[in-house]
1. Against the definition (more than 14 Å from every other protein chain (Cβ to nearest Cβ) and surrounded by 24 or more Cβ atoms within 10 Å (Cβ to Cβ)), how does B:T229 come out, yes or no?
2. Going by the structure shown, is B:L136 of a type in the set (A, V, I, L, M), modelled with pLDDT of 90 or more and assigned to a loop (DSSP other than H, G, I, E, B)?
3. Under 8 Å by Cβ, and 6 or more places apart or on different chains, what pairs join a residue from the stretch A:77-92 that is within 16 Å of ligand 2 (Cβ to nearest atom) with one that is in a loop (DSSP other than H, G, I, E, B) and charged (D, E, K, R)?
4. Only residues in the stretch B:286-297 that are farther than 18 Å from B:I340 by Cβ count as the first member; pair them with residues that are basic (K, R), Cβ under 8 angstrom, at least 6 apart or cross-chain, and list the lot.
5. What pairs come up if the first residue lies in the stretch A:48-75 and is free of Cβ contacts under 8 Å to residues at least 12 places away in the same chain, the second is within 16 Å of ligand 2 (Cβ to nearest atom) and hydrophobic (A, V, I, L, M, F, W, C), and their beta carbons are under 8 Å apart, counting only those six or more places apart or on different chains?
6. Being more than 13 Å from ligand 1 (Cβ to nearest atom) and either of a type in the set (F, W, Y) or crowded, with 19+ Cβ neighbours inside 10 Å (or both) narrows it down to one residue among A:L23, A:L34, A:L7, A:L2; which is it?
7. Has the stretch B:3-22 got at least one residue that is surrounded by 16 or more Cβ atoms within 10 Å (Cβ to Cβ), at pLDDT 90 or above, more than 14 Å from chain A (Cβ to nearest Cβ) and over 21 Å from the mean Cα position of the chain (by Cα)?
8. If you take the residues in the stretch A:49-86 that are aromatic (F, W, Y) and out of contact with any Leu (no Cβ under 6 Å at 6 or more places or on another chain), which one is farthest from A:V203 (Cα to Cα)?
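The values are calculated or read from the model by the stated rules, or taken from the named source; none is laboratory data. These numbers were taken from a predicted model, which means no experiment stands behind them. No Cβ is skipped: glycine too gets one built from the backbone with ideal geometry, and neighbour counts run over all protein chains shown.
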Amino acid sequence: MLKAVDLTKRYEDNHLALDALNLEIGKGEIFCLLGANGAGKTTTINLFLNFIEPTSGKAFINDIDVSKEPLKAKKYISYVCENVMLYGNFTARQNLDFFARLGGKNNLTKEDYYMYMRDVGLQEEAFEKKVKTFSKGMRQKIGLTIAIIKDTPAILLDEPTTGLDPKAASELTRILLRLKQEGKAIFMCTHDIFRAKAIADKVGIMKDGRLVMMRTRKEFLEDDLERIYLDYMQEPVV
Amino acid sequence: MAWLIAKKDFLLNLISTRFIIAFLLCLFLIPFTVIVNVNDYQNRLRVYQVEKAKAEKEFKQTRVYSGVRPEIVKPPQALSIFCKGISNNVGNRVTIYLGKIPLFAQGKTAERDNPLLNSFFSIDFINVIAIIMSLLALVFSYDIFSKEKENGTLKLIFSNRISRSSFLSGKIAGIYLTLIPILLFNFILSCLIIIFSQDVSLTANDWLHVALLFFASFIYMSFFIFLSTFISSKVKCSITSIIINLFLWIWFLFLFPNISTYLVKTFSKVGLYENMKYAMDQLDNEFSDKCVNFNNSFDIDRDHFNLNGGYDGYFETTGDSREVIDFEIKIKTFKEPLRIDYADKKWVYQKKYLDDLMKQKKLAKSFAWFSPSDLFENISSSLCQTNTQEYNDFMSNVRDYRKTFVQYFVDNKMFELPEYITPQDINTFPPKKKLEKMWNSIKCIEDCPPSWFSNYYPYLDLSDIPVFKFHQTSLIQELSQSIIKLSFLVIISIIFFYLTVLSFRKYDLR
Ligand SMILES: Nc1ncnc2c1ncn2[C@@H]1O[C@H](COP(=O)(O)OP(=O)(O)OP(=O)(O)O)[C@@H](O)[C@H]1O
Ligand SMILES: [Mg+2]
């Protein structure tokens, strides 16, 4: 569903943020990308969304070359970004309504939106409240709801658990697992090793723009993921 | 998709503080301005009616042709309520003399106002629109991209199947959806005030002009929307954008007009009014000398029983001897054509002064191409018929009329007629000897025959004297003046739009 082939990004200041990334995420698969700050995780997501052009290599969504046919590719993808502010003067429902229509879902009723919001665990009294009064976690839930409503075969999440309380984080995990059941390909960048361990089918560790390690669930469960992660972080790249 | 974005922005704007502030600002400023200007117009209309009645009455009350003084009183333009233009700087009254070609009209509104009251609010509707709508245009457009970026919604939007161009058109449509109601509200409010004010009646043609004013305001506003969106597409954050926008706004509305006035005055010098006046006085003296010399070449006693006259050529006498009246006719026959000649000689200086002023005005007009607000003001005053062009047309019509008037006198040899200087039948003037005898028998003034007094005679019938006709400039003429300026604003706006499209193509969405 999601595929990167020698995906490379060198910024204008000559900084090599992503170096020949190769990965493939199939249907019903959760891929967690770990890595220190500045490792190149967000850069990867931006490349998949065509927010930036790759220096070389290709990103595919559902076998569509993202940089060639970005609009076509975006039909199959939804995105949850870190710390989304949304439209503060709109209520939660109005925000959902706008993005749902933008995602091509025109026939949803108020009740539908309520149902979706209940589903991600947002408290009832917040449904018709202006989003500017929301906490970070509440906004994150709306961001997730937007992705769920769009209902695409692939989902990109950029550090979705930062700022969520433990309960909300485990709700997120539950939802992600359900989405996986539905056969969606999920790509998640995170610093949260425990969460990754809990849900990932594959884990990748990124360091200075390179994917230095990739393990399947079976492999990393046998090993101690935290230890591997810290080992990789200390080791200088050759 | 674009429509979805536009609707979203419209709704967001509608509940935003800036919209409410903008709306309240208009709600207070517009009625205040319009009411002040309606009041001003009503006053001018009243003054006009009084002056016109007075002029008509005085015109008819003359018993000799040398006293015929047509006075042209220009009615105030109802549309000056919207745009005053130069209407308050120039007069509205012109008296026609043989001895002088009128340069400017008399009776400035400013002179009629109470000079002790400082008029702090001399701004008109179009000024308010020029200030408010440009300000609102940039207040609503300065952050159209950066706000979405700061909210994180830009990335979220572009994770969907939406092209940059439809996003851009949606954003711009959103601004229009917000601002057009405000602009319409301003116009409707002012029209309502005008409809419900006394004495102000706009013709169908006037309303058409108001509609054109709306159109011009729309284009003016668009210029600022596109200027501002262009800047927003170039600048990453809202603060930088608002600073640049505000600077440009102040530059276009306040700094540039003042600088251009200063430059115009420096580069295009006008001779002193006093110098022109001095040259004209010299000519007047020359004329007087020639007349005195002419008088002195005859040896005759010019004692009059009842004489009224003035320096302007008015001369009315009754009860004189036949010798005196014949002599006076001879003088007039010599003097009046000379007077007309000297008017033409003086005009050379007046014309030079006027040309200097016009050169200045022309330079100012070419500077206006660099300032949308000046351009908008020019367009509006042209549509409202309160601009220099309209005033010049009026004055040159007046001068043409004077020419016709003078020609009528020349053609009919009026200066040689006794009626030019006396209402009394020429044959009833007794010879000098006889008059002296009559005088000897008169003890007191009551003994004089009533025919020796001017008010014994009726007023002249002046129905043959040519009258002044007001020319109405046609809509086509006015439009031709404005259409180039309007198209210029449109073209500049389109260029900005195109640049925005180009620059937004590279806009960093992250
Ligand atoms: N526009 C840019 N120009 C130049 N360098 C950039 C640009 N954007 C990101 N970088 C650099 O690219 C590298 C990767 O950044 P990226 O945002 O992908 O990191 P990340 O893994 O998402 O980090 P974090 O965990 O902090 O979110 C960083 O070193 C960053 O400084
Ligand atoms: Mg990141």
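1. Values: more than 14 Å from every other protein chain (Cβ to nearest Cβ): yes; surrounded by 24 or more Cβ atoms within 10 Å (Cβ to Cβ): yes.
Yes.
2. Details: of a type in the set (A, V, I, L, M): yes; modelled with pLDDT of 90 or more: yes; assigned to a loop (DSSP other than H, G, I, E, B): no.
The answer is no for B:L136.
3. Listed pairs, sorted by first residue: A:E82/A:E159.
4. Final answer for the pair search is B:N295/B:R302.
5. Sorted first by the residue in the stretch A:48-75, then by its partner, the pairs are A:F51/B:L509.
6. Numbers: A:L23 fails: either of a type in the set (F, W, Y) or crowded, with 19+ Cβ neighbours inside 10 Å (or both); A:L34 fails: more than 13 Å from ligand 1 (Cβ to nearest atom); A:L7 fails: more than 13 Å from ligand 1 (Cβ to nearest atom).
Result: A:L2 is the single residue among A:L23, A:L34, A:L7, A:L2 that is more than 13 Å from ligand 1 (Cβ to nearest atom) and either of a type in the set (F, W, Y) or crowded, with 19+ Cβ neighbours inside 10 Å (or both).
7. Yes, that holds for at least one residue.
8. Keep residues of the stretch A:49-86 that are aromatic (F, W, Y), which gives A:51, A:60, A:76, A:79.
From what's left, out of contact with any Leu (no Cβ under 6 Å at 6 or more places or on another chain): A:60, A:76.
Values: A:F60: 19, A:Y76: 23 Å.
Top of the filtered list is A:Y76.
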